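For reference, the structure discussed in these notes is given below.
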Amino acid sequence: MTPPSPTISRVRTSVFEPATAIDRTFPEFPAAQPIDENNYFKKHKPPPYLSEISKDVANFIASHNKQNRKVVLVTSGGTTVPLENNTVRFIDNFSAGTRGATSAEYFLENGYAVIFLHREFSLLPYSRHYSHTTNCFLDYMNEDENGQVVINAEYQNEMRVVLRKYQNARDKGLLLVVPFTTVHQYLFTLKLISQELSVIGPNGLFYLAAAVSDFFLPHSRMPEHKIQSQNDNDGKLRVSLEAVPKFLSRLVDSWAPLAMIISFKLETDSNILLSKARGALERYNHQLVIGNLLQTRKKEVVFVTPEEGEHWIRLTDEQHANGTEIESLIIPEIMSLHEKWCEKTSTL
Ligand code: PMT
């Protein structure tokens, strides 16, 4: 139930026309090789805060490992590609982090510890329910006769449920929230967390729902200051981007070889979704690709596995109408696959 929010227009500018989406029938970039990894991580400086994150992640994993709890890394939101070192302008993508934040909640509810690697200021588990223009938290509150701020009676039950779940995750230290903004920060942090997570072998799970940029501007070619409009002779800005190495293969082969790895495949054309998802599975050799279409991603997804082929998960019309979230169906299926993965891997 969402309260009315009278001063905010209901227009959604982030919903674009799918018919104008680019044609993605061209082949994917090849998977990154060890040499690409070496080049990328040698040629770029790590973010200065990385050692701090490293400590937090190592402590978090060690503490949950002691309790024999499974740990999932959920990546969420979109990466930016800065065009200037002192960044005024950057290239971004559409992802708000709904899939990641929602999935993290269901993992937490089902006993996992969650490392939530997310685009800073995108949606977070629990607060996502009250953070957007469609459900601003202020619209849920009022002043009582004594001037105390209180939650309106009709939202008490709904908010109590979310609050209790949030407090449980916080008080038991089940959630570690780690931010990124640029694709560069994302890749360095992903590598770091992957290597830390490899310590717990098959009990580690990767759920890579972030929308990661395929192109970037290398530091060597990035201007230090804001690009001036008179820089170019004809007043046009020409940007030449490099392909971001597809690091999923390195993650599977070398960074965390015993963990179960799930990637997402996003398309806008339903005719190519399955072939792209199968292609990703063959190329990277991991355990599960979850395919989704931009237009229907909240109602249906397809699981593609090496053993069982394709399997659709869909909300019924009734479930969709009553606000059931598709992640409440996705996560239990993943848990059962992860359980099988742990059994299989421990007998190797
Ligand atoms: O946030 P929402 O609005 O809820 O939207 C959710 C979502 C649609 C973004 C999500 O469900 C989703 O599909 N995420 C993956 C989108 C994506 O980046 O797809 P891709 O084809 O570019 O990448 C496929 C996989 O390769 C990803 O899991 C990514 O982690 C990995 N990758 C991508 C780029 C890169 N350089 N290296 C990689 O390893």
Task: Accessible area in square angstrom per residue, region 58-192, 1.4 angstrom probe - done: 47 Å²
Task: Cross-link pairs Lys172/Lys340; Lys70/Lys265; Lys66/Lys165; Lys66/Lys265; Lys42/Lys172 - those with Cα-Cα distance over 32 Å - done: Lys66/Lys265; Lys42/Lys172
Task: Highest-fluctuation residue, Pro34, Pro48, Pro306 considered, GNM on the chain with Cα pairs under 10 Å - done: Pro48
Open item on the list: I'd like to know which of Leu288, Leu192, Cys136 lies farthest towards the positive end of the charge dipole of region 27-346, counting +1 on Cβ of Lys and Arg and -1 on Cβ of Asp and Glu.
Closed with: Leu192
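Order the peptides 326-337, 189-200, 152-163 from the highest to the lowest mean number of other Cβ atoms within 10 Å of their residues.
Numbers: 326-337: 18.1, 189-200: 21.0, 152-163: 12.4.
Result, highest mean first: 189-200, 326-337, 152-163.
Of all DSSP beta bridges in region 27-346, what percent run antiparallel (nearest 5)? If you can, show how the numbers build up before the last one.
On the way: 16 of 46 bridges.
If I count the DSSP bridges inside region 27-346, around 35 percent turn out antiparallel.
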Open item on the list: Nearest 500 deg cm²/dmol is fine: what mean residue ellipticity at 222 nm does the chain get from its DSSP H runs of n ≥ 4 alone, each adding -39,500 (n - 2.57), divided by its residue count?
Closed with: -10000 deg cm²/dmol
Open item on the list: How much of the pair distance distribution for the chain lies past 33 Å, counting alpha-carbon pairs only, in percent?
Closed with: 32 percent
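Determine the share of the chain's accessible area contributed by carbon and sulfur atoms, expressed in whole percent, with a 1.4 angstrom probe. Present the calculation step by step, with values, prior to reporting the outcome.
Details: 9760 of 18770 Å².
Answer for the chain is 52 percent, counting heavy atoms of protein chains only.
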TODO: Rounded to whole Hz and in sequence order, give me ³J(HN,Hα) for region 46-52 from the Karplus expression 6.51 cos²θ - 1.76 cosθ + 1.60, θ = phi - 60°, writing x for Gly and Pro.
DONE: x, x, x, 8, 4, 5, 5
Open item on the list: Could you check the spin-label model distance between Val239 and Arg297? Points 7 Å from the Cα along Cα→Cβ, value in nm.
Closed with: 2.0 nm
Task: Distance from region 285-348 to region 219-265 (C-alpha centre basis), Å - done: 29 Å
- [ ] For Met159 and Asp269, calculate 0.36 nm times their separation in residues minus their Cα-Cα distance, and state this gained length in nm to one decimal.
- [x] 35.8 nm
- [ ] Specify which residue in the list Ser103, Gly204, Ser275 is farthest towards the positive end of the charge dipole of the chain, using unit charges on the beta carbon of Lys, Arg (+1) and Asp, Glu (-1), about the Cα centre.
- [x] Gly204
Task: Environment charge at Lys226 (Cβ cut-off 10 Å; Lys +1, Arg +1, Asp -1, Glu -1) - done: -1
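The values are calculated or read from the model by the stated rules, or taken from the named source; none is laboratory data. These numbers were taken from a predicted model, which means no experiment stands behind them. Reconstructed Cβ throughout: ideal geometry from the backbone, glycine too, with neighbour counts over all protein chains shown. Calculation scope for accessible area: heavy atoms of the full protein, side chains included, ligands and nucleic acids excluded. Shrake-Rupley method; radii C 1.70, N 1.55, O 1.52, S 1.80 Å.
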